[in-house]
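Undergrad: Quick one: this structure, given as structure tokens, is what I'll be asking you about.
The values are calculated or read from the model by the stated rules, or taken from the named source; none is laboratory data. Predicted, not measured: the structure shown is a model, and the values here were computed from it. In this analysis, Cβ positions are derived from the backbone assuming ideal geometry, glycine residues included, and neighbour counts consider all displayed protein chains.
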Amino acid sequence: MIPTRWIWQAPGWPALHFDARALQPAFPAARLAQGRLLGLASSLQLVDLAELQLTEWTQEAVATAQIEGEVLQVNSVRASAARRLGLPGASASARDARTEATLDVLQAAVGGWQRALTQDDLFGWHAALFPTGRSGMQPIVTGGWRTHAEPMQIVTPRFGKPDVVHYQAPASADVPAHMAAWLQWFNASRGQIDGLARAALAHLWFEAVHPFEDGNGRIGRAIVELALAQDMQSPQRLMSVSTQLLHARADYYTQLQAATGRADLDVTPWVQWFAARVQGACEAATAHIQTALAKTRFWGAIQTEHPTLSASQRKALGRLFDAGPEGFAGGLSTEKYVNLTGVSRATAYRELTQLTERGLLVRTGEGRATRYGLAPAGATDS
């Protein structure tokens, strides 16, 4: 006996709907952030664009796995993503099976943006995630819809008390019909409704059905990637929505739970919340590009105006730049310069003095309290 009316039991399911007027200003803000990102990305050199895609691919794979409690090694993910993007110098290191599986799914999802999504596609993604036919130690059905007779529930176990049931999905016997309807809608809705709303609805509907024994979250977020690629009409991944979902993981689950518990099929709050996550992803990617461009300009100016700087001076400047506006905790002192660069204290003092005289660093304090920071942009002397 199901104690709550879930969204898939509502009269009219699966006709999810939202109030377009209530989505102001969420949608315009997300679209503005998306437009800024695309505009900035269009100005990048090919090598910089490839680096951006590498970063976003890496972040997306790591985040979508981490949401489910699975930790992927960033270096392994980055090396695999670099190979897939055909970047020169990509590592030929040993490949991690979990990393490859996650990137296989993301690549297949985004790579198929121009054609209709099929049941076989979804089965292939699922099989890729679980190549051994097991989730941990537990055998599961892979490459096919779930078939178990027991209810598919999302619960919080409680010792000595009944579990708290947060959600119960449709019975396994009903999954094929639910997914046939979902696939028909997903392919037919392209270009018919706003692309951000379509991505939000596709993810929510898929998670409501929960068609697989395991991996529903990761495949659901791959569907988001596919829907957004179709919205942007490009397979280039310039942002990571899963990173934003990871940052707001508790709220992500709360929003999904609230939406799947609605009996009126009005999912406006979910669509609004999702649009804000897309906006955040676009803004984060834009900030990444701006930082990369600023770093390129910074080193270009250094090379042009101060070509005789020593390796230790360049290392210190690079670390200060990477530390951002806040700089080193406690500021860069002579002692920290010695520890960072490995030069003697006398050399450190001389090089810091040179950098200050050239206008690359600003000095504050006296004696033991002396600290150094990067000079404001444009304040250097040649």
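Undergrad: Could you go through segment 197-204 and let me know if any residue there is touching a Phe, Trp or Tyr at 6+ places or on another chain (Cβ under 9 Å), closer than 30 Å to Phe27 by Cβ and assigned to a loop (DSSP other than H, G, I, E, B). Walk me through it before giving the result.
TA: First pass over segment 197-204, keeping only residues touching a Phe, Trp or Tyr at 6+ places or on another chain (Cβ under 9 Å): 197-204.
With the extra rule that they be closer than 30 Å to Phe27 by Cβ, the set shrinks to 197-204.
Adding the requirement that they be assigned to a loop (DSSP other than H, G, I, E, B) leaves none.
Within segment 197-204 (the criterion being touching a Phe, Trp or Tyr at 6+ places or on another chain (Cβ under 9 Å), closer than 30 Å to Phe27 by Cβ and assigned to a loop (DSSP other than H, G, I, E, B)), the answer is no, since none of the residues qualifies.
Yes/no matrix, rows are residues, columns are (1) at pLDDT 95 or above; (2) within 28 Å of Thr55 (Cβ to Cβ); (3) hydroxyl-bearing (Ser, Thr, Tyr):
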| residue | (1), (2), (3) |
| --- | --- |
| Arg218 | yes, yes, no |
| Arg221 | yes, yes, no |
| Leu228 | yes, yes, no |
| Ala248 | yes, yes, no |
| Tyr252 | yes, yes, yes |
| Ala259 | yes, no, no |
| Ala263 | no, no, no |
| Phe274 | yes, yes, no |
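Undergrad: If you check Lys315, Lys336, which single one turns out to be in contact with a helix residue (DSSP H, G or I) (Cβ under 6 Å, 6 or more places away or on another chain), charged (D, E, K, R), without any contact (Cβ under 8 Å) to a residue 60 or more places away in the chain and not assigned by TED's automatic domain parsing to the domain that holds Ala63? Outline the logic, then answer.
TA: Values: Lys336 fails: in contact with a helix residue (DSSP H, G or I) (Cβ under 6 Å, 6 or more places away or on another chain).
One residue alone meets the criteria, Lys315.
Undergrad: Tell me, which helices (runs of 4 or more DSSP H) lie completely within segment 247-327 with 3 or more residues that are β-branched (Val, Ile, Thr) and surrounded by fewer than 16 Cβ atoms within 10 Å (Cβ to Cβ)? Reasoning before the result, please.
TA: Numbers: elements: 249-260, 268-305, 311-323.
Where helices (runs of 4 or more DSSP H) fall fully within segment 247-327 and carry at least 3 residues being β-branched (Val, Ile, Thr) and surrounded by fewer than 16 Cβ atoms within 10 Å (Cβ to Cβ), they are 268-305.
Undergrad: Filter segment 100-158 for residues that are in a helix (DSSP H, G or I) and small (Gly, Ala, Ser); which is nearest to the chain's Cα centre (by Cα)?
TA: Just the residues of segment 100-158 that are in a helix (DSSP H, G or I), to begin with: 100-111, 119-129.
In the following step, the residues that additionally are small (Gly, Ala, Ser) were identified as 101, 108-109, 111, 124, 127-128.
Working: Ala101: 17, Ala108: 17, Ala109: 15, Gly111: 17, Gly124: 22, Ala127: 23, Ala128: 20 Å.
Looking at residues that are in a helix (DSSP H, G or I) and small (Gly, Ala, Ser), I get Ala109.
Undergrad: Moving to a separate point now. Give me the pairs: first residue in segment 24-48 and within 14 Å of Gly280 (Cβ to Cβ), second residue among the hydroxyl-bearing types (Ser, Thr, Tyr), beta-carbon distance under 6 Å, and six or more apart or on different chains, which are they?
TA: Pairs found: Arg36/Thr286; Leu37/Thr286.
Undergrad: Okay, next question. Exactly one condition in (1) surrounded by 15 or more Cβ atoms within 10 Å (Cβ to Cβ); (2) free of Cβ contacts under 8 Å to residues at least 24 places away in the same chain is not met by Val110; state its number.
TA: (2)
Undergrad: Quick check, is Ser242 of a type in the set (Ser, Thr, Tyr), farther than 22 Å from Ala20 by Cα and buried (at least 21 other Cβ atoms within 10 Å of the Cβ)? Don't jump to the end; show me each part of the working.
TA: On the way: of a type in the set (Ser, Thr, Tyr): yes; farther than 22 Å from Ala20 by Cα: yes; buried (at least 21 other Cβ atoms within 10 Å of the Cβ): yes.
It is true that Ser242 is of a type in the set (Ser, Thr, Tyr), farther than 22 Å from Ala20 by Cα and buried (at least 21 other Cβ atoms within 10 Å of the Cβ).
Undergrad: With the structure loaded, tell me whether Ile154 is within 29 Å of Asp231 (Cβ to Cβ) and either surrounded by 12 or more Cβ atoms within 10 Å (Cβ to Cβ) or without any contact (Cβ under 8 Å) to a residue 60 or more places away in the chain (or both) or whether it fails that test.
TA: Working: within 29 Å of Asp231 (Cβ to Cβ): yes; either surrounded by 12 or more Cβ atoms within 10 Å (Cβ to Cβ) or without any contact (Cβ under 8 Å) to a residue 60 or more places away in the chain (or both): yes.
Yes.
Undergrad: Same structure, new question: Need pairs with beta-carbon distance below 9 Å; first residue free of Cβ contacts under 8 Å to residues at least 24 places away in the same chain and within segment 282-305, second surrounded by fewer than 16 Cβ atoms within 10 Å (Cβ to Cβ) and of a type in the set (Phe, Trp, Tyr); sequence gap 6+ or separate chains.
TA: The qualifying pairs do not exist here.
Undergrad: I'd like the full set of residues that are modelled with pLDDT of 90 or more and over 17 Å from Gln244 (Cβ atoms), limited to segment 51-74. Before you say what the answer is, go through the steps one by one.
TA: Narrowing segment 51-74 to residues modelled with pLDDT of 90 or more: 53-74.
Selection gives Gln53, Leu54, Gly69, Glu70, Val71, Leu72, Gln73, Val74.
Undergrad: Need at least 3 residues that are under 15 Å from the mean Cα position of the chain (by Cα) per element, so show me which helices (runs of 4 or more DSSP H) inside segment 1-92 make the cut, counting only ones lying wholly within it. Steps first, please.
TA: Details: elements: 26-42, 46-67, 74-85.
Helices (runs of 4 or more DSSP H) meeting the threshold: 46-67, 74-85.
Undergrad: Further question on the same structure: Please work out which one of (1) without any contact (Cβ under 8 Å) to a residue 24 or more places away in the chain; (2) surrounded by fewer than 20 Cβ atoms within 10 Å (Cβ to Cβ); (3) at negative phi is the condition Gly86 fails and give its number.
TA: Just one mismatch for Gly86, condition (3).
Undergrad: Next up: Could you tell me whether segment 41-50 includes any residue that is among the charged types (D, E, K, R), surrounded by 16 or more Cβ atoms within 10 Å (Cβ to Cβ), under 14 Å from Gln236 (Cβ atoms) and at pLDDT below 90?
TA: Within segment 41-50, the first condition is being among the charged types (D, E, K, R), and the residues that meet it are 48.
Then keep just the ones that are surrounded by 16 or more Cβ atoms within 10 Å (Cβ to Cβ); that gives none.
No, segment 41-50 has no match at all.
Undergrad: May I pose another question? Among the residues of segment 68-83 satisfying the criterion of being crowded, with 18+ Cβ neighbours inside 10 Å and in contact (Cβ under 8 Å) with a residue 24 or more places away in the chain, which is farthest from Leu129 (Cα to Cα)?
TA: So in segment 68-83, the residues crowded, with 18+ Cβ neighbours inside 10 Å come out as 72, 76-82.
Still in the list and also in contact (Cβ under 8 Å) with a residue 24 or more places away in the chain: 72, 77-78, 81-82.
Working: Leu72: 13, Val77: 15, Arg78: 18, Ala81: 16, Ala82: 20 Å.
Result: Ala82.
Undergrad: Another one. Condition first: aliphatic (A, V, I, L, M), within 23 Å of Val110 (Cβ to Cβ), in contact with a Leu (Cβ under 7 Å, 6 or more places away or on another chain) and in the same structural domain as Arg262 (by TED's automatic domain parsing). Can you find one or more residues in segment 2-22 that meet it?
TA: Here is the first cut: in segment 2-22, the residues aliphatic (A, V, I, L, M) are 2, 7, 10, 15-16, 20, 22.
If we keep only those that are within 23 Å of Val110 (Cβ to Cβ) as well, we get none.
No - not one qualifying residue is present in segment 2-22.
Undergrad: In segment 205-214, which residues are buried (at least 22 other Cβ atoms within 10 Å of the Cβ) and part of a loop (DSSP other than H, G, I, E, B)?
TA: His210, Pro211, Phe212
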